[in-house]
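Here is the structure we will look at.
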Amino acid sequence: MNEFLSFAIGGLPFACSYALVAVGIVLTFRATGVFNFGFGAMAYGAGVTYVELCSHGVPSWLSLLIVTVVLAPVFGALLDWGLFRRIRTADLTSKVVTSLGLMVFLPSMVQIVIGSTTVYSAPAPFLSTYFTTLFGISISGPVIATLVTTIVVLMVMTLGLRSRRVGLTLRASVQSPRLVELHGVDSGKVLRNAWMVSSSLAALAGCLYAPQFATQNPSAYNVLLTGAVAAAALGAISSFTLAVAGGVLLGVLQGVIPGYLSPNSVWYGALVPSIPFFMLLIMLLTHRGFRSLDRSKDPMSVVEPPTAPPGLARRSEILGFSGRIVNWLAVVGLVIVAIIFVPEVWVGTLTIAASMAIIFLSVTLLTGLAGQLSLAQMVFAGMGAYGTARLSTHHHWSLGMSLIAGTMIASLGGLVASLPALRLRGLPLALLTLCFALLADNLIFPATFVGSGSSSIGVRRPDIFGVDFSGPFSRNYLVMVVAFLAMTTFGVRLLIHGTTGRMLTAAHSSEIAAASSGVPMRRTITIIFMLSAAVAGLGGGLYAIALGSLSTPDFNSALGPVLLVVVITMGAASVRGALIAGVAFVALPQALALAPSRFGGGGQSSAITIVVLSVGAFTYAQHPEGIVTFIQGRLKVAGLRVRNLRGDSR
Amino acid sequence: MTVLLEVRGVRKRFGSQVVVDSVDLEVSAGEAVGLIGSNGAGKSTLFSIIAGTISADDGSIFLEGRKLPNRADERARRGIARTFQIVQLFGGLSVLDHLLVALQAHNGEAGVFRDLRGNGATTVPEMTLCMETLELCGIAKLAHAQTTMLSLGQRRTVELARALVARPKLLLTDEPSSGLDESESLRLAHILNSVRRSTGVAVVIVEHDLATVAAVAERVVALDAGRVIANGTFDEVIANVDVRRSWLGEASA
Ligand SMILES: Nc1ncnc2c1ncn2[C@@H]1O[C@H](COP(=O)(O)OP(=O)(O)OP(=O)(O)O)[C@@H](O)[C@H]1O
Ligand SMILES: [Mg+2]
């Protein structure tokens, strides 16, 4: 018993952080309809700020106050004012994408601001030297302080929300801000307060979380987010009490489970990260209300669905014969350029860019075409990569065979992932795939039969049909990857402009009408999921071969949201978005690395790239077509204007 | 005449409220049945149950003597088409695209494999059938229009055309003339009749506008609080005491 308690107490600081963020998630979701994926990143920002303040000699308690009472509420108000107020009436997908943008954007932004130096651990905010023994169990001061702070904060908040007026106004503001205003309540203020309070909670969680780690890195805070998501899910993102209970449960399990396992056990590193996933899965499968978060709240919506929103996509007819010829010529041209003209130093970069573009295309398929939000695309890419690497290097399969096998392994992963997608759409699916990615990070890729823990495994670059693909700057290999990219691009285009695209556009706008017209949604979704995973796997396999060695960070789960956000930013409705994203994602850091460090060269280049490429997610609600299409539209308008002017002057 | 649709003892409750209560309903091939009843009588719910978008708690439904599959899309492919009380069109698709979706999905000729083989373009027979249907509904001129630009009457007609393009055996149409003026309602009734004549589709029409019911339906079924209270010709049902009391709002005659 004592042993159990002391393990459990070790998990308490985590429990508190989970509970705080979970409560923040529930609060903003109930008040504003936004599920904020950005809270983990906000906690990271707060944690880093706290550590930085402490290291500059500010007393730790004062740092905590500055971060949670001054900076965080201001940041929350800014978020409300600059971002979420503008998308109050947007659909759930827009809200999800916007908050995913925050999740991707913030950590990189923080890294840019603080510079590339590693941020080390900070002292606990209170009672850092205090120690006591309770019923024979030693408890440290920081744990007590964390616990007391959390309980006090949560109690104050609950009392505030208990007052009927606040609670009702909160809920009414989501349903109809106009109506609330007609009753003389400033609904804008209500929403702003919700953002300020939840931002404070996230910051507090971050400050309490920071001392648990020797160095601050975003992925630890990703774990915080995932835990909080699962905790919030326990109460179907609507109950504060259950959210807190969920947080405590997770934290305690996290303390207890490793305590009873031998560090050499397979389960040691894998069990804890998999708890959020299974908690979420069980909730999603058992809780009806949770499953249908996305559907209209109107109970009548099944019998008499509301009018479908006007779609934004304008479909063009499939390419004619001449169009296809032009396309093929373009590809042949590209391949020739790749063979002859690309300078030696760019061969490696372009190879990686082309394989990344294939991975990006998998997002175009799944999100742009089928409207499914998956944060686990990088896992499928990883499956393809590890499959290819393992089979070719350790089992000496030929390059072609192992690529095919890797692709098939990934598509099987997609098949599994499509099972929940038959019932879930939008937000619940995004949540589940987020937790799944974390699970894969800890359970699948480090396993010895897949990768080899944290160390890297080599990837062979064999030859086929006597053509040599070896060497880091193999032009032959570049040609091969470009050819695969061209094939994938064509396939995706055929789907977008063919019967599938038409069917899915219809289903996206009114699923009931589509089903009543005979559209087989389940089968289509399953096939698209498998295809998309296969494409990601192919890209991953090619990427692995290009890299020449593989280690777990290459397919870190945190990259999944980055993929999604970048493709959506660039435009998920057509293949161009993914192609440009692929090139930009690889070329931009290279270009930045060449630039003088004053302009962001050197160590910050990948952070800057992510910031630049993800910033468009914030305009998604206004411009869901993406930057590329948006600019194209603007250019067309400008072109017309110029033509008109010329016509006038004549 | 052969029985097309057979509904046996279908019940549905929402919470404690029984919305559809042991309903039996038979529709012969090619027949036109009017379904009337006050607001909340359970007409739309019955439609959704037959079409498969919601599941009944009890009872069974047969089409041509065979039990229907569970899912709405499978039922659609077996020949049940419907329109909605609140118009459900596909945003972002042209009128022609609406028909193509329904036609290709119904024939099982849409999907990933067709597209990847490079056959994603619309074939000539598909195009012909769509244009024929649009012609039949009198909106051939709108084929390439975006549906957001259309009037309510035109949108209802597009919905009707979408439902009819795959030549279903049974058409369920939910208040097709609600929100339309008299001449538009009449035009829609006219379209329904001519479609019925040329394709032989059986129609069940839910309608509050008695003129439209009289113009379309050969037989009328009255529903009250989820129960069938009358079944017969238009005049018989309208003269029925229970119907007059429950629906036409007369004190006991
Ligand atoms: N999803 C639901 N949850 C709870 N109650 C529902 C639901 N759908 C319908 N109802 C109830 O079922 C009853 C019948 O609804 P239905 O829409 O079938 O009526 P209706 O006959 O079509 O009425 P109207 O003429 O107004 O269209 C109503 O009282 C409604 O409140
Ligand atoms: Mg109705």
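With a 1.4 Å probe and every protein chain left in place, tell me how much accessible area residue A:356 has, in Å² to the nearest 10.
10 Å²
Could you tell me the total accessible area buried at the B-A interface, probe 1.4 Å, in square angstrom to the nearest hundred?
Values: alone 11950 and 29390 Å², together 37890 Å².
Heavy-atom accessible area buried at this interface is about 3400 Å².
Give me D for the range B:91-167 in µm² s⁻¹, whole number, from Stokes-Einstein with Rh from the Kirkwood sum over alpha-carbon pairs, 37 °C and 0.692 mPa s.
Translational D for this selection: 260 µm²/s.
Once the other residues with Cβ under 12 Å from the Cβ of residue B:190 are scored (Lys, Arg +1; Asp, Glu -1), what is the net sum?
Values: positive: B:187, B:196, B:197; negative: B:184.
Once positives and negatives cancel, what remains is +2.
Over the range A:494-650, give the accessible area per residue in Å² for a 1.4 Å probe, as an integer. It would help to have the intermediate numbers written out before the result.
Numbers: 6290 Å² over 157 residues.
So the range A:494-650 comes to 40 Å² accessible per residue, rounded to a whole number.
Running a GNM on chain B with Cα contacts under 10 Å, which residue among B:82, B:71, B:196 ends up with the highest mean-square fluctuation?
B:71
Please list B:77, A:288, A:646 in order of solvent-accessible area, largest first, computed with a 1.4 Å probe with all protein chains present. Don't skip to the answer; put the middle values down first.
Working: B:77 75, A:288 185, A:646 145 Å².
From most exposed to least exposed: A:288, A:646, B:77.
How charged is the neighbourhood of residue B:46? Take every other residue with its Cβ under 12 Å from the Cβ of residue B:46, and add Lys/Arg as +1 and Asp/Glu as -1. Intermediate values should be presented prior to the final figure.
Values: positive: B:11, B:12, B:43, B:82, B:227; negative: B:21, B:24, B:174.
Its environment carries a net charge of +2.
What does the accessible area per residue of the range B:91-167 come to in Å², with a 1.4 Å probe and no ligands, DNA or RNA counted? Could you put the intermediate results ahead of the total?
Values: 2960 Å² over 77 residues.
Result: 38 Å² per residue.
Counting only protein heavy atoms and a 1.4 Å probe, tell me what percentage of the range A:343-636's accessible area is made up of carbon and sulfur. Could the numbers behind the result be given before it?
Working: 6820 of 9980 Å².
In the range A:343-636, the share of accessible area belonging to carbon and sulfur is 68 percent.
How would you order A:507-518, B:113-124, A:387-398 from highest to lowest mean count of nearby Cβ atoms within 10 Å? Provide the component values of the computation, followed by the final result.
Details: A:507-518: 25.1, B:113-124: 15.5, A:387-398: 20.1.
Listed from highest to lowest mean packing, they are A:507-518, A:387-398, B:113-124.
Please compute the alpha carbon radius of gyration of the range A:343-636, then divide it by the globular-protein estimate 2.2 N^0.38 Å. Two decimals is fine.
0.98
At 1.4 Å probe size, what's the solvent-accessible area of residue A:56? Round to the nearest 10 Å².
Roll a 1.4 Å probe over it and residue A:56 shows about 140 Å².
What dipole magnitude, in Debye to the nearest 20, does chain B give about its Cα centre under +1 on Lys/Arg Cβ and -1 on Asp/Glu Cβ? Can you show the working numbers first?
Numbers: 27 positive and 30 negative charges, 137 e Å.
The dipole magnitude comes to about 660 debye.
If B:141, B:169 are ordered by their accessible area, calculated over protein heavy atoms with a 1.4 Å probe, which sequence runs from highest to lowest?
Details: B:141 200, B:169 80 Å².
The ranking, largest first, comes out as B:141, B:169.
Heads up, I need the accessible area for residue A:120: 1.4 angstrom probe, whole protein in place, Å², nearest 10.
The value for residue A:120 is about 140 Å².
Give, as a single signed number, the net charge of other residues whose beta carbon lies under 11 Å from the beta carbon of residue B:10, with Lys and Arg counted +1 and Asp and Glu -1. Working shown, then result.
Details: positive: B:8, B:11, B:12; negative: B:6, B:21, B:24, B:57, B:58.
Cβ neighbours under 11 Å give a net charge of -2.
Keeping the other protein chains in place, figure out the carbon and sulfur percent of the accessible area of chain B, with a 1.4 Å probe. Could you put the intermediate results ahead of the total?
On the way: 5170 of 10230 Å².
Here it works out to 51 percent.
Over the Cα atoms of chain B, Rg to Rh with Kirkwood Rh, two decimal places?
Details: Rg = 18.5 Å, Rh = 18.9 Å.
My calculation of the ratio gives 0.98.
Other chains near B:91-100: what is the mean number of their Cβ atoms within 10 Å of each residue's Cβ? Could you put the intermediate results ahead of the total?
Working: counts 12, 13, 9, 4, 0, 0, 6, 4, 1, 4.
Averaged over the peptide's residues, the number is 5.
Please enumerate, by chain and number, the lysines with C-alpha under 28 Å from the C-alpha of residue A:95, excluding those fewer than 8 residues away in the same chain.
Hits, sequence-local ones excluded: A:189, A:297.
When you count, for each residue, the other Cβ atoms within 10 Å and take the mean per peptide, how do A:89-97, A:526-534, A:227-235, A:202-210 rank with the highest first? Before the final figure, lay out the partial values.
Values: A:89-97: 19.3, A:526-534: 24.9, A:227-235: 28.4, A:202-210: 30.8.
Taking the mean over residues of other Cβ atoms within 10 Å, the ranking is A:202-210, A:227-235, A:526-534, A:89-97.
Answer rounded, prolate or oblate for the range A:322-385, using the Cα gyration tensor with square roots of eigenvalues a ≥ b ≥ c: rounded when a/c is under 1.5, else prolate when a/b is larger than b/c, else oblate. Don't jump to the answer; show the numbers that get you there.
Details: a/c = 3.81, a/b = 1.41, b/c = 2.71.
Oblate is the answer for the range A:322-385, as a/c is 1.5 or above yet b/c matches or exceeds a/b.
Which order do A:346, A:195 take by accessible area at a 1.4 Å probe, largest first? The partial results should precede the final answer.
Details: A:346 95, A:195 0 Å².
Ranked list, largest accessible area first: A:346, A:195.
Please give every one of the lysines within straight-line cross-link reach of residue B:141, meaning a C-alpha to C-alpha distance under 27 Å, and leave out same-chain neighbours fewer than 8 residues apart.
B:169
The values are calculated or read from the model by the stated rules, or taken from the named source; none is laboratory data. All figures in this text were calculated on a predicted structure; none of them were measured in a lab. With ideal geometry, Cβ positions are generated from the backbone for all residues, glycine too; neighbour counts draw on all protein chains shown. Just so you know, the surface numbers come from the protein's heavy atoms only, side chains and all, with ligands and any DNA or RNA stripped out. Shrake-Rupley method; radii C 1.70, N 1.55, O 1.52, S 1.80 Å.
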